[in-house]
1. Residues in the stretch B:29-70 that are in a helix (DSSP H, G or I) and away from DNA strand D (no atom under 12 Å from the Cβ): how many?
2. Based on what the data block shows, is A:L180 in a helix (DSSP H, G or I), out of contact with any Cys (no Cβ under 7 Å at 6 or more places or on another chain), away from chain B (no Cβ under 11 Å) and touching a residue at least 12 places away in the same chain (Cβ under 8 Å)?
3. Look at B:I94 and say whether it is crowded, with 17+ Cβ neighbours inside 10 Å, among the β-branched types (V, I, T) and either within 25 Å of B:D119 (Cβ to Cβ) or free of Cβ contacts under 8 Å to residues at least 12 places away in the same chain (or both).
4. Suppose we filter B:A170, B:A158 for residues that are among the hydrophobic types (A, V, I, L, M, F, W, C), more than 9 Å from chain A (Cβ to nearest Cβ), surrounded by fewer than 18 Cβ atoms within 10 Å (Cβ to Cβ) and out of contact with any Pro (no Cβ under 6 Å at 6 or more places or on another chain); which single one remains?
5. Only one of (1) small (G, A, S); (2) crowded, with 19+ Cβ neighbours inside 10 Å; (3) farther than 28 Å from B:V165 by Cβ fails for B:A72. Which number is that?
6. Of the conditions (1) crowded, with 18+ Cβ neighbours inside 10 Å; (2) over 25 Å from A:T191 (Cα atoms); (3) in contact (Cβ under 8 Å) with a residue 40 or more places away in the chain, B:V122 clears all except one; give me its number.
7. If the Cβ limit is 9 Å and pairs must be 6+ apart or interchain, which residue in the stretch A:57-76 that is farther than 16 Å from A:V16 by Cβ and within 7 Å of DNA strand C (Cβ to nearest atom) pairs with which residue that is in a loop (DSSP other than H, G, I, E, B) and of a type outside the set (S, T, Y)?
8. Could you tell me which residue of the stretch B:17-56 is nearest to A:A130 (Cα to Cα), considering only residues that are surrounded by 14 or more Cβ atoms within 10 Å (Cβ to Cβ) and within 8 Å of DNA strand C (Cβ to nearest atom)?
Protein chains: 2
Amino acid sequence: MATRRSRSNDVSAARVRAVSDEDKERRREVILTAAKRVFAKKGYHATTMGDVAKAARISYGSVYWYFDTKDALFHALMDDQELALRSHIDGALIDLAGADGEAVFRASVRATFEFFEQDRDVVKLLFRDAVVLGDRFDRHLAGIYEGFIGDIEETIAAAQSAGHVVEAPARMIAFSVAALISQLAVRRLTTDDGVPASVVADFVVTLLLDGLRPRKEKP
Amino acid sequence: MATRRSRSNDVSAARVRAVSDEDKERRREVILTAAKRVFAKKGYHATTMGDVAKAARISYGSVYWYFDTKDALFHALMDDQELALRSHIDGALIDLAGADGEAVFRASVRATFEFFEQDRDVVKLLFRDAVVLGDRFDRHLAGIYEGFIGDIEETIAAAQSAGHVVEAPARMIAFSVAALISQLAVRRLTTDDGVPASVVADFVVTLLLDGLRPRKEKP
DNA sequence: CCCGTTGTTGACTCATGAGTCAGTTCCGAC
DNA sequence: GTCGGAACTGACTCATGAGTCAACAACGGG
């Protein structure tokens, strides 16, 4: 008996009205979750609002009570997933407070791949659907990207001034890193060799740090 | 007076009938070119067959004389552009017959970036639109990718057995290379710093070969 | 010069799906 | 209890766009 006469905490079932702000927030989440699944499965254009409604076990009209338009729903989804990814990475970095740049970098990349591995729908959403809606969503996606690239750039710049990373435009490097990660994540969707995410992550980091050419010196 | 009574070699104008196979082939090309422009500009879904027809200065119905469906048109476009890219790269490699692997690799990457720089519409087509149509085009795109990745893999494997490249799954490396190139090409569409394609290409190759960590040994 | 073929045209059909809205039901307040 | 409003419903509207088709026009062969 939490808040009041808590009917049943299954907000997903229709015909049960969301009254409190928490209820409404929860139902919003239900819709978002359903939408993520459906969008990821069929793609933005092939997905109808009816599909979303059905997946959320809610009426057609109700979706519009929570989201003004299909676009708005998708934007909300993107925001949601960006946040989720960020907090997942942050979580992975918590017990690395005093570690060096390489360890942080490695952990971040690993966390990213893990996140994408756990929930492939996010990948489809962000790197497939979001890309297609040219302009409208491009801007939004670019913003999300921008955030991560900025973070990477900072790390790189710090490593450069410590002499751990070769001199080159930090931004260009950051771009490349982000590109490599995102594109590999996408590719893993279709080409599933059994290689686990953490291995791919380590491979990427090592590739970036050491390059393809064999090194003669011992580290 | 080439073939016969060569009316006017402007096959793009409507109301001029394409009779010979060459004429038809040329008109097909006109449609493809127009379609490329329009698809690239507005994206697959936002583009109507009417748009294509208008851009090709041809009637609505005529587009369907040359292509059965919108999907077929798009697939044809993808084929067309793959071929164009391949021959552009091949062209760049002609006078490198006896060169070493690194030179070939560098030249290939540079040619690729140049190709994408010259015609940004291709990039949009292949890496934006094609990705969105889940399944139908994914397969096709994966096939195209596959071809290039196979080539890269071969080069890498050769370099490995010559001891010029570190031991690691050649396929994974090839994936990464392709990922880096394609994603950077896409990114350059939206974020246009003035950096020319050849510089980006060299940067990518050097990054891949030498890595971010400074090398102590002299080559 | 006529006729069959083949290319060309654009108005039309028809399915689809986003968004609306008039109505219904549930809830808390009084 | 009953009232007002907020949450909810789903049938409907309306625009849009892929694909069709009947008519038309250029061409080449006879």
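Values quoted throughout were computed directly from the atomic coordinates according to the rules given, and no laboratory measurement underlies them. Remember, it's a predicted structure, so these values are computed and weren't measured experimentally. For neighbour counting, all protein chains shown are included, and Cβ atoms are generated from backbone atoms with ideal geometry for every residue, glycine included.
1. First, pick out the residues of the stretch B:29-70 that are in a helix (DSSP H, G or I): B:29-42, B:49-55, B:60-66, B:70.
Okay, now just the ones that are also away from DNA strand D (no atom under 12 Å from the Cβ), so B:29-34, B:36-37, B:40-41, B:55.
So the answer is 11.
2. On the way: in a helix (DSSP H, G or I): yes; out of contact with any Cys (no Cβ under 7 Å at 6 or more places or on another chain): yes; away from chain B (no Cβ under 11 Å): no; touching a residue at least 12 places away in the same chain (Cβ under 8 Å): yes.
It is false that A:L180 is in a helix (DSSP H, G or I), out of contact with any Cys (no Cβ under 7 Å at 6 or more places or on another chain), away from chain B (no Cβ under 11 Å) and touching a residue at least 12 places away in the same chain (Cβ under 8 Å).
3. Values: crowded, with 17+ Cβ neighbours inside 10 Å: no; among the β-branched types (V, I, T): yes; either within 25 Å of B:D119 (Cβ to Cβ) or free of Cβ contacts under 8 Å to residues at least 12 places away in the same chain (or both): yes.
For B:I94, the condition - crowded, with 17+ Cβ neighbours inside 10 Å, among the β-branched types (V, I, T) and either within 25 Å of B:D119 (Cβ to Cβ) or free of Cβ contacts under 8 Å to residues at least 12 places away in the same chain (or both) - is not met.
4. On the way: B:A170 fails: surrounded by fewer than 18 Cβ atoms within 10 Å (Cβ to Cβ).
From the options B:A170, B:A158, the qualifying one is B:A158.
5. With respect to (1) small (G, A, S); (2) crowded, with 19+ Cβ neighbours inside 10 Å; (3) farther than 28 Å from B:V165 by Cβ, B:A72 is out only on (2).
6. Looking at each condition in turn, B:V122 falls short on (2).
7. A:D71/A:L133
8. Applying the filter and picking the extreme gives B:A53.
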